[in-house]
Amino acid sequence: QVQLVESGGGLVQAGGSLRLSCKASGRTGTLYGMGWFRQAPGKEREFVAAMTWSGSRSSYGDSAKGRFTISRDNAKNTVYLQMNSLKPEDTAVYYCARDYTNQALPTQSHYDYWGQGTQVTVSS
């Protein structure tokens, strides 16, 4: 099976930046996409960003466009989320997930393995 472990979350002031990492291990295989989702207390889980295996396609949720960038290093089995110009409304637990369809779409049923999440808190 596949294990996903996020890291890099923390407390940051509004306007600051964070870089999240997600390391995959186990029977990861190849040709899978990766995505990032987030969930704030009392809110539904929200799509943030995704990327295909080759990096040929990336997609972003509306709240992430222009501020966040997804990237990956397949040699390290790691996907990243660079978050700039952070706002208090970005406060949430951020999860990475494997996209077995390799389409980088926001459809949650396309993601079969999920990490434990990392907390991002943006203060005003």
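The values are calculated or read from the model by the stated rules, or taken from the named source; none is laboratory data. A quick note: this is a predicted structure, and the numbers were derived from the prediction, not measured. Here the Cβ positions follow ideal geometry from the backbone for every residue, glycine too, while neighbour counts run over all protein chains shown. Just the protein is used for accessible areas: all its heavy atoms, side chains included, with ligands, DNA and RNA removed. Shrake-Rupley method; radii C 1.70, N 1.55, O 1.52, S 1.80 Å.
General remarks:
- Rounded to the nearest 20 debye, dipole of the chain from Cβ charges on Lys, Arg, Asp, Glu: 220 debye
- Surface analysis of the chain yields an accessible area of 50 Å² per residue, using protein heavy atoms and a 1.4 Å probe.
- Ratio of Rg to Rh for the chain: 0.94 [Cα atoms; Kirkwood radius as inverse mean 1/r over pairs].
- The order of the peptides 106-114, 88-96, 38-46 by mean Cβ neighbours within 10 Å, most packed first, is 88-96, 106-114, 38-46.
- Look at the dipole of the chain built from charges on Cβ: of GLN3, PHE47, ALA64, the Cα furthest out on the positive end belongs to GLN3.
- Fraction of accessible area attributable to carbon and sulfur, region 59-124 (%, probe 1.4 Å): 47 percent
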